[in-house]
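Q: A single structure is presented below for examination.
The values are calculated or read from the model by the stated rules, or taken from the named source; none is laboratory data. Keep in mind the model is a prediction, meaning the values are calculated, not measured. Cβ atoms come from the backbone with ideal geometry, glycine included; neighbour counts cover every protein chain shown.
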Amino acid sequence: MASDDLRYYETFFAIHDNKWDVNFGTFSNHHKLLTKEYINQGCLTTDYSAATDIHEFIYPHHIKKKYFIEGVIFGQITFAAQGDDSTVTDYRVTVCKIHEDNTKTELFTTGWKTVNDTLTWDATYSIGEEVVHAFWIDAWEKAALSEKERIYLKVETNCNNYTVLWHSNNATWEDIRIDIPFKL
């Protein structure tokens with residue numbers, strides 16, 4: 001295997017940190033982040049958000065001055081019922097980039113995946129059923145990124161109002177995880 005064929009995978013976890021603001025391009029006072037490691041569980045974070053929203057988790061740091069995403073991206077996302085029974089009909093996961101001039105570009109996507117999940121809510125114990133979906137994205141048409149760009153993960157869902165997307169800061173249960181192949 002030639003050295004230009006070598007890739008390394010970087011694992012990212014999605015969290016919502018209430019006290020850390022990201023300001024890059026159109027992301028202003030943004031709190032949804034991709035991290036390489038979970039932060040201390042004592043930090044103030046938000047465990048979940050309404051799945052009916054579009055969720056964008058940005059990695060606010062440089063990877064290299066110039067780099068490429070190429071290979072197979074894979075990961076998982078977690079939905080749950082909150083407050084009543086809920087349904088998830090389909091979802092879409094997209095790896096995107098944003099340039100410092102505010103230009104957003106979708107790089108690779110799962111496309112819309114039909115799941116038709118019905119999740120129950122147990123009112124006695126105030127706990128909702130959860131479902132974890134794995135995803136894979138072919139990223140063989142390599143995408144170039146520069147030092148003026150950042151990657152972010154976008155999660156979109158068609159569901160009812162009682163569905164949440166989990167993104168807790170808890171290493172024992174990975175709510176949103178993505179492994180991205182980089183070619184340097």
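Conditions (1) surrounded by 19 or more Cβ atoms within 10 Å (Cβ to Cβ); (2) at pLDDT 95 or above; (3) among the aromatic types (F, W, Y); (4) under 13 Å from the mean Cα position of the chain (by Cα), marked per residue:
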residue: G128; (1), (2), (3), (4): yes, yes, no, no
residue: K154; (1), (2), (3), (4): no, yes, no, yes
residue: T163; (1), (2), (3), (4): yes, yes, no, no
residue: A171; (1), (2), (3), (4): no, no, no, no
residue: D175; (1), (2), (3), (4): yes, yes, no, yes
residue: I180; (1), (2), (3), (4): yes, yes, no, yes
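Q: Against the conditions (1) modelled with pLDDT of 95 or more; (2) on the phi < 0 side of the Ramachandran plot, where does G111 fall short? Just the number, please.
A: (2)
Q: Output yes when any residue across segment 6-26 is surrounded by fewer than 14 Cβ atoms within 10 Å (Cβ to Cβ), hydrophobic (A, V, I, L, M, F, W, C) and either part of a strand (DSSP E or B) or touching a strand residue (DSSP E or B) at 6+ places or on another chain (Cβ under 8 Å) (or both), and no when none is.
A: Checking segment 6-26: at least one residue is surrounded by fewer than 14 Cβ atoms within 10 Å (Cβ to Cβ), hydrophobic (A, V, I, L, M, F, W, C) and either part of a strand (DSSP E or B) or touching a strand residue (DSSP E or B) at 6+ places or on another chain (Cβ under 8 Å) (or both).
So that you can scan it fast, the table gives a plain yes or no per residue for (1) among the polar types (S, T, N, Q); (2) in contact (Cβ under 8 Å) with a residue 12 or more places away in the chain; (3) within 27 Å of H62 (Cβ to Cβ):
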| position | (1), (2), (3) |
| --- | --- |
| V95 | no, yes, yes |
| E130 | no, yes, no |
| H133 | no, yes, no |
| A139 | no, yes, yes |
| S146 | yes, yes, yes |
| R150 | no, yes, yes |
| V155 | no, yes, yes |
| I176 | no, yes, yes |
| P181 | no, yes, yes |
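Q: Only one residue in T94, T78, T89, T52 is over 12 Å from the mean Cα position of the chain (by Cα) and in a strand (DSSP E or B). Which one?
A: T89
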